[in-house]
Amino acid sequence: MRLSILQYGDPILRAKGKRIEKIDDRVRDLAQNMIETMHGANGVGLAAQQVSEAIQLSVLDVSQVEDRPSTMKLNGRNIAPETAMPLVLINPQIDLGAETEMGAEGCLSFPEITGEIERAKSITVRAQNLDGDPIEIETTGFLARAIQHEVDHLNGILFIDRMSSGAKTSLSSKLKRLQKETERGAKHRPKAVAETTL
Ligand code: ZN
């Protein structure tokens, strides 16, 4: 089932997600619906806050992103990232590598806005999967960026918070308009504008 995606201005996007203590049918159904919602909107990542649930759950699928490669180790073994997609991360904890790089990002909660964001080039993330098993992922490239974007969402942090002040200033009228629309209760069916919308 496709869920509605909250837009910038909704306070749930600023809420820190609660830790998931029990992976039950409710969590499994929500994860499934989030995957459908992400695919339906042509996005490559979605966090629970974006569908009105402030809990530590996010889904990703970078398998269709061809021009921005990723590497991935799952539990210490090199694997092709697309074989692990869609990826469900529950209660993720992230360690950032020291080196950073700039890259373009969009967000399903910010229709038609993209920005250059500085992120760690490589990360290690420890999480649980839908079976409750612990997983460890070491990744570089676009998947590393995407996971950082999603883990930020789970902590109430949005990609505009990581833009340069100049970039944010030039977007300020667009952001105000979006916020007003959200306050008025406008409903949208956002679609990704690029293959980099999370
Ligand atoms: Zn996002």
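Here are the numbers for the structure shown:
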quantity: Filter result for Ser70 (farther than 16 Å from Asn155 by Cα, within 16 Å of the ligand (Cβ to nearest atom) and in contact with a Lys or Arg (Cβ under 9 Å, 6 or more places away or on another chain)); calculated: no
quantity: Qualifying residue in region 115-131 (condition: hydrophobic (A, V, I, L, M, F, W, C) and within 16 Å of the ligand (Cβ to nearest atom)); calculated: yes
quantity: All positions within region 27-40 that are within 16 Å of the ligand (Cβ to nearest atom) and crowded, with 19+ Cβ neighbours inside 10 Å; calculated: Met34, Thr37, Met38
quantity: Hits in region 74-104 - residues which are farther than 29 Å from Arg26 by Cα and touching a residue at least 24 places away in the same chain (Cβ under 8 Å); calculated: Gly76, Leu96, Gly97, Gly103, Ala104
quantity: Check on Glu21, more than 16 Å from the ligand (Cβ to nearest atom), closer than 19 Å to Ile137 by Cα and either touching a His at 6+ places or on another chain (Cβ under 9 Å) or free of Cβ contacts under 8 Å to residues at least 24 places away in the same chain (or both); calculated: no
quantity: Region 157-179: number of residues that are within 12 Å of the ligand (Cβ to nearest atom) and either more than 20 Å from the chain's Cα centre (by Cα) or in contact (Cβ under 8 Å) with a residue 24 or more places away in the chain (or both); calculated: 4
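No value in this document is a laboratory result; all are computed from the given coordinates. Please read all numbers here as calculations on a predicted model, not as lab measurements. Because the Cβ atoms are built from the backbone with ideal geometry, glycine has one as well, and the counts that use them run over all protein chains shown.
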